[in-house]
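This report concerns only the one structure given below.
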Amino acid sequence: MTVELEDLAATSMNGAAPTADPLESLARRLLVEIGEDPEREGLLDTPRRYAKWWREFVNYDAGKIETVFESVADSQMVLVSDMQVWSLCEHHLLPFNCSLTVSYRTNQKLLGLSKFARVAHKHAHKLQVQERLVADIADEISSITGSADVAVIGRGEHLCMTMRGIRTGAVMTSAVMRGVFGQDGPHRTELLTLANSSGAALRR
């Protein structure tokens, strides 16, 4: 069961002190295990900050994501590129950032522009692997819009590779392409052309 920050901060009816978040105890134990002193000045408030960050991250509220409008033209391609999200590698609990491009072909419904980012963050704010992240986003976009033609491309740098092990920075690309985007043809070519050109424009 998720522990809410408001519940942890609330005092009891008899005026007792607020209940500490259990994550604070874990943070103090971690500091001790890596040879630090959680009672020294610079670390006194670290367990509380650590607990607060974890709760904020995993309890992220994407808000309303199902806002759609009547499509002005069926089978029109919509593409939103270079959305930046952060997630956590479930193998090492280290962050990875991911630049996401999401596209779909309209089928009577247009998804509100901000909802692309809300859907992306909804699935990023949990323990993830990049391959599942892009698949989860594709599933959600398809479900909301009713379109079978959906593509999600993710380009991510994973600190579990950059900071540990081989310690080499690299960008990993993973993609889900469904419907017409999964077939060789003009729709797939148009998608890849637009995705690559938008990324190049931002890098200039």
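The values are calculated or read from the model by the stated rules, or taken from the named source; none is laboratory data. All figures in this text were calculated on a predicted structure; none of them were measured in a lab. Note that we place each Cβ from the backbone using ideal geometry, even for glycine, and neighbour counts take in every protein chain shown. Areas reflect the complete protein model, heavy atoms only, side chains present, ligands, DNA and RNA absent. Shrake-Rupley method; radii C 1.70, N 1.55, O 1.52, S 1.80 Å.
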When every residue in segment 10-25 that is open to solvent by 60 Å² or more (accessible area, probe 1.4 Å) and touching a Pro at 6+ places or on another chain (Cβ under 8 Å) is compared, the one modelled with the lowest pLDDT is Thr11
So, in segment 119-131, of the ones that are open to solvent by 50 Å² or more (accessible area, probe 1.4 Å) and touching a Ser or Thr at 6+ places or on another chain (Cβ under 9 Å), which residue ends up farthest from His92 (Cα to Cα)?
Glu131
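Working carefully through the options Ser103, Ser99, find the one that is closer than 22 Å to Phe181 by Cβ, in contact with a Lys or Arg (Cβ under 7 Å, 6 or more places away or on another chain) and open to solvent by less than 70 Å² (accessible area, probe 1.4 Å). Give the steps one after another, and end with the answer.
On the way: Ser103 fails: in contact with a Lys or Arg (Cβ under 7 Å, 6 or more places away or on another chain).
None of the other options fit; the residue is Ser99.
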So which of Val58, Val85 is of a type in the set (Val, Ile, Thr) and surrounded by 14 or more Cβ atoms within 10 Å (Cβ to Cβ)?
Val85
Any chance segment 58-74 includes a residue that's touching a residue at least 24 places away in the same chain (Cβ under 8 Å), out of contact with any Cys (no Cβ under 8 Å at 6 or more places or on another chain) and assigned to a helix (DSSP H, G or I)?
yes
Which ones in segment 161-187 are open to solvent by 20 Å² or more (accessible area, probe 1.4 Å) and in contact (Cβ under 8 Å) with a residue 60 or more places away in the chain?
Met163, Arg164, Gly179, Val180, His187
